[in-house]
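Chemist: Supplied in structure tokens, the structure appears directly below.
The values are calculated or read from the model by the stated rules, or taken from the named source; none is laboratory data. Please read these numbers as outputs of a predicted model, since none were measured by experiment. We place every Cβ from the backbone using ideal geometry, glycine too, and count neighbours over all the protein chains shown.
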Ligand SMILES: [Zn+2]
């Protein structure tokens, strides 16, 4: 398949689904740990707020699931420690 | 040896001049953690100094105790806007830990028990006041504050003074650490209010 024939569109086309993700209350979402593969609800993660940012950790293995900072009017988000998120949009 | 790292007289009239912009003075010692407090005994504690070529020199607790130590009193400044004046510590100067290793390297990536990292220019570790601290106010450094041993670099925001230090990697290039990869300033001078990237 050629690079120009791979049915690719730009990110604007994902605006709708991204808006569903980022406008949701995700405390009831299920997150799967990228380290131990255990799943947990976001509300049950071990969360550390007393620092330059917020750190969500796996209740089973303590691995970091999410790192979030608020830098002026911008939120920085690192989800690289998690394998997947299941977010209810209904 | 006692080092008093401040340019003003005792506490009192000039305290305001010792508080960097955007900071306020606190009298307790807030504990800020990104994770569970690592339980590391002095017996199992180690500090791996990794040279540019990957060679590792391991400092154990007895090595740290044999090195020349200092008592020092410094002001510390946390990016979450609190500053604490006249904190007293005992520790070994980082330049005495790095020895000849730091001559070619430009940057250090500091590693910790629990996985935390932070980056600093080597010059700030060897040419400025910087210690591996293991006593606070005359007592063994509590684990909540970074014991058995933490980095202390009082001229930078406190996130650079990594708790539970267990490694110093020497590098030619700057490699951002735990908070530096999420929008915090690569250097973090409180007097220039370098809190965030671009400040
Ligand atoms: Zn896990």
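Chemist: Determine whether residue B:108 is more than 14 Å from chain A (Cβ to nearest Cβ), at pLDDT 95 or above and touching a strand residue (DSSP E or B) at 6+ places or on another chain (Cβ under 9 Å).
Modeler: Yes; evaluated as a whole, the condition is true for this residue.
Chemist: May I ask you to verify whether residue B:100 is outside any strand (DSSP E or B) and under 16 Å from the mean Cα position of the chain (by Cα)?
Modeler: Judged against the criteria, residue B:100 is not a match.
Chemist: Further, regarding this structure: Being within 16 Å of the ligand (Cβ to nearest atom), in contact with a strand residue (DSSP E or B) (Cβ under 9 Å, 6 or more places away or on another chain), within 14 Å of another protein chain (Cβ to nearest Cβ) and farther than 30 Å from residue B:77 by Cβ: is that true of residue A:83 here?
Modeler: No.
Chemist: Do we find that residue A:42 is closer than 16 Å to residue A:83 by Cα and out of contact with any helix residue (DSSP H, G or I) (no Cβ under 8 Å at 6 or more places or on another chain) in this structure?
Modeler: Criteria not met by residue A:42.
Chemist: Right, another one. Taking the condition of being more than 8 Å from chain B (Cβ to nearest Cβ), in contact with a strand residue (DSSP E or B) (Cβ under 7 Å, 6 or more places away or on another chain) and away from the ligand (no atom under 11 Å from the Cβ), how many residues in the range A:35-55 meet it?
Modeler: 4
Chemist: Hey, could you check the range B:148-199 for residues that are assigned to a loop (DSSP other than H, G, I, E, B), within 11 Å of chain A (Cβ to nearest Cβ) and free of Cβ contacts under 8 Å to residues at least 40 places away in the same chain and say which is nearest to residue B:121 (Cα to Cα)?
Modeler: In this case the residue turns out to be B:185.
Chemist: On to the next question. Within the range A:11-24, how many residues turn out to be outside any helix (DSSP H, G or I) and at pLDDT 90 or above?
Modeler: Counting residues in the range A:11-24 that are outside any helix (DSSP H, G or I) and at pLDDT 90 or above gives 0.
Chemist: While we're looking at this one, here's another question. Only one of these is out of contact with any strand residue (DSSP E or B) (no Cβ under 9 Å at 6 or more places or on another chain) and farther than 22 Å from residue B:180 by Cα: B:100, B:86. Name it.
Modeler: B:100
Chemist: Pairs under 6 Å by beta carbon, first residue under 20 Å from residue A:57 (Cα atoms) and in contact (Cβ under 8 Å) with a residue 40 or more places away in the chain in the range A:16-33, partner assigned to a loop (DSSP other than H, G, I, E, B) and within 16 Å of the ligand (Cβ to nearest atom), six or more apart or different chains?
Modeler: Going by the 6 Å Cβ cut-off, the qualifying pairs are A:33/A:58; A:33/A:63.
Chemist: Here is a follow-up. Got a number for residues in the range B:117-147 being assigned to a loop (DSSP other than H, G, I, E, B) and at negative phi?
Modeler: Going through the range B:117-147 one residue at a time, the tally reaches 7.
Chemist: So is residue B:109 surrounded by 17 or more Cβ atoms within 10 Å (Cβ to Cβ) and touching a helix residue (DSSP H, G or I) at 6+ places or on another chain (Cβ under 8 Å) or not?
Modeler: no
Chemist: Now for a separate question. Is there any pair linking a residue in the range B:18-32 that is within 14 Å of chain A (Cβ to nearest Cβ) to one that is surrounded by 13 or more Cβ atoms within 10 Å (Cβ to Cβ) and modelled with pLDDT under 95, with Cβ under 6 Å and at least six apart or on different chains, and which?
Modeler: If the second residue must be surrounded by 13 or more Cβ atoms within 10 Å (Cβ to Cβ) and modelled with pLDDT under 95, the pairs left are B:32/A:51.
Chemist: Every residue in the range A:58-77 that is away from the ligand (no atom under 16 Å from the Cβ) and not in a loop (DSSP other than H, G, I, E, B), please.
Modeler: Residues satisfying the conditions are A:68, A:69, A:70, A:71, A:74, A:75, A:76, A:77.
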